[in-house]
1. Given H placed 1.01 Å from N in the peptide plane, which residues other than close sequence neighbours of residue 458 have an amide H under 5 Å from its amide H?
2. For segment 297-318 and segment 141-183, compute the distance between their C-alpha centroids and round to whole Å.
3. Could you tell me which GluC sites (Glu not before Pro) in segment 61-136 are loop residues by DSSP with no more than 15 other beta carbons within 10 angstrom of their beta carbon?
4. So, counting K/R as plus one and D/E as minus one, what does the shell of residues with Cβ under 10 Å around residue 68 add up to?
5. Which loop-located chymotrypsin sites (Phe, Trp or Tyr not before Pro) does segment 372-442 contain, where loop means any DSSP state but H, G, I, E or B and the Cβ has at most 16 other Cβ atoms within 10 Å?
6. If one computes the Cα centroid of segment 195-230 and of segment 335-391, what distance in Å separates the two points?
7. Between residue 424 and residue 183, what length in nm is gained on full extension when 0.36 nm per residue of separation is reduced by their alpha carbon distance?
8. Treating only the Cβ atoms of Lys and Arg (+1) and Asp and Glu (-1) as charged, compute the dipole magnitude of the chain about its Cα centre; round to the nearest 20 debye.
Amino acid sequence: MTSPCFILFGATGDLARRMLWPSLFHLHCEGLLPEGLRLIGTSRSEKTAEEFQAAVQKSVEERGDKELLKKGCMPDFLKQIDYVSVSADKIEDYKKLADRIGETSDMTFYFSTAPEFFVPICEGLKSAGLSGDNARVILEKPIGKSLHSSREISDAVEKIFSEDQTFRIDHYLGKETVQNLIALRFANSLFEPVWNASAISHVEISVSETVGVEGRSYYDNAGALRDMMQNHILQLLALVAMEPPSHLDQAAVRNEKIKVLKSLRRITPANVSKLTVPGQYKAGELNDEKLVGYLEEEGIPKDSSTETYVAVQAYIDNWRWKGVPFFLTTGKRLNSRHTEIIVHFREVPHNIFEGQGDQARPNRLVINLQPTESISFELMAKQPGLDGMNLQPVNLNLSLAQEFESHRRRIAYERLILDGLKGNSTLFVRRDELEAAWSWIDGILASWRNSNIKPLQYEAGSKGPGETDDMIKFWKWEARA
Ligand code: BG6
């Protein structure tokens with residue numbers, strides 16, 4: 001029997017070193033990779049398989065799980081790894097790759113490269129007879145930088161690999177807590193009756209990072225809207241807001257997500273300044289460390305107007321979410337690292353506790369995705385005592401880390417690589433989803449351009465531009481008026 005093959009383009013890049021090789025190593029140690037799987041790394045540089053294996057070993061030792069590293073599975077892991085030097089535009093290199101792959105039952109090609117290489121790689125694979133029915137491709141983000149460019153890439157890829165063979169990765173979908181969101185919503189009957197505009201006043205989804213641009217040259221051409229909002233945040237939004245799917249299969253879940261993305265109200269020059277806050281960090285300080293501003297970062301043009309922060313007040317125009325704002329925020333060099341979703345329920349319709357100490361506050365469901373993985377529900381309770389009826393907020397807390405203590409915290413890519421190898425695309429993004437997301441993001445970018453809106457400055461190490469609080473306050477004021 002011939003063995004399957006996993007081929008990684010961009011095998012020496014940053015993502016491969018930090019995430020992909022450690023993920024493959026973990027899966028290998030736990031015996032989860034398909035029997036006999038061969039791993040082939042490719043990149044432009046010339047090196048021997050041994051040199052490459054040594055580099056992989058180093059990355060895995062730096063980033064891998066300490067317990068798994070003690071298990072002694074490294075030598076066997078390295079034995080599975082081969083290396084072929086491939087320049088994306090050199091057709092003859094793909095023949096070399098095909099020879100090295102040889103007889104195989106199926107092939108998974110992972111493109112961890114910049115998107116401009118996706119099409120030449122697909123063409124190279126085709127020319128070497130590597131695009132048959134037993135092949136599939138996994139595409140890393142970003143897929144283009146607008147609806148137009150993403151369509152161009154998808155059209156060209158589609159000429160060679162069908163939609164069923166194409167897996168667009170969004171690593172947030174591989175995070176355990178993101179999948180828990182599906183469990184929370186659809187494995188508990190408690191929430192569904194109140195998961196709508198009658199019971200929920202607003203929702204916040206925020207991804208806050210303390211890191212800066214980390215020398216990534218791509219960032220200045222992208223910005224926070226394209227880098228984080230177009231993919232990760234819109235995927236979270238789709239999972240929070242979608243209708244219950246009829247099954248947990250790839251078509252059903254993705255059919256529901258796309259409806260949400262298509263129902264996003266467009267942002268236009270007329271409402272862009274009210275509904276969005278772009279920001280760019282200037283010099284600041286975090287934990288006693290002095291931080292340079294975005295414009296002082298290496299390789300960033302001194303007059304760049306790329307946003308490193310963005311907040312959007314988004315609306316989903318359908319029955320379930322009529323009038324409910326979703327405040328979506330993300331930014332770099334903020335004061336804390338966290339990803340959280342906060343569902344704010346409405347106030348009680350009539351307060352019977354007037355004058356009794358603390359007032360009944362609206363309930364909140366807080367889902368922490370990282371760094372802690374927890375879900376808490378804030379309720380009002382009576383303070384113990386004989387004196388009247390004094391209220392106090394209390395938390396029903398579920399710490400997923402404690403509850404599932406024996407489980408190792410996985411890298412999000414582990415689940416996705418495994419699903420990709422098995423051909424299960426539920427946690428991957430379909431072409432129509434990608435395009436619906438780009439179409440909404442393009443609207444914001446065009447409105448910024450037309451209205452000449454430039455990012456507001458915020459101090460590195462702060463919570464971002466104060467204008468975001470003003471946006472929320474203004475909405476509250478309008479909602480009360
Ligand atoms: C990547 C973005 O997709 O996600 C990075 O390109 C960002 O800019 C990263 O830092 C955040 O991922 P995580 O898993 O650390 O939240």
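Since every read-out is calculated from the coordinates, none of them should be taken as a lab result. All figures in this text were calculated on a predicted structure; none of them were measured in a lab. In this analysis, Cβ positions are derived from the backbone assuming ideal geometry, glycine residues included, and neighbour counts consider all displayed protein chains.
1. For residue 458, whose amide H was placed from the backbone, the distant partners under 5 Å are 280, 281, 282.
2. Measuring centre to centre over Cα atoms gives 21 Å.
3. Values: sites: 61, 62, 67, 92, 103, 116, 123; in loops: 103.
When the GluC sites (Glu not before Pro) of segment 61-136 are filtered for loop state and at most 15 Cβ neighbours within 10 Å, 103 remain.
4. Values: positive: 66, 70, 71, 408; negative: 30, 65, 67.
Taking every Cβ under 10 Å from that of residue 68, the sum is +1.
5. Working: sites: 377, 404, 413, 428, 438, 440; in loops: 404, 428.
The qualifying sites are 404.
6. What the calculation gives is 25 Å, centre to centre.
7. Values: separation 241, 0.36 × 241 = 86.76 nm, distance 1.85 nm.
Full extension from residue 424 to residue 183 adds 84.9 nm.
8. Working: 58 positive and 67 negative charges, 135 e Å.
Dipole size: approximately 640 debye.
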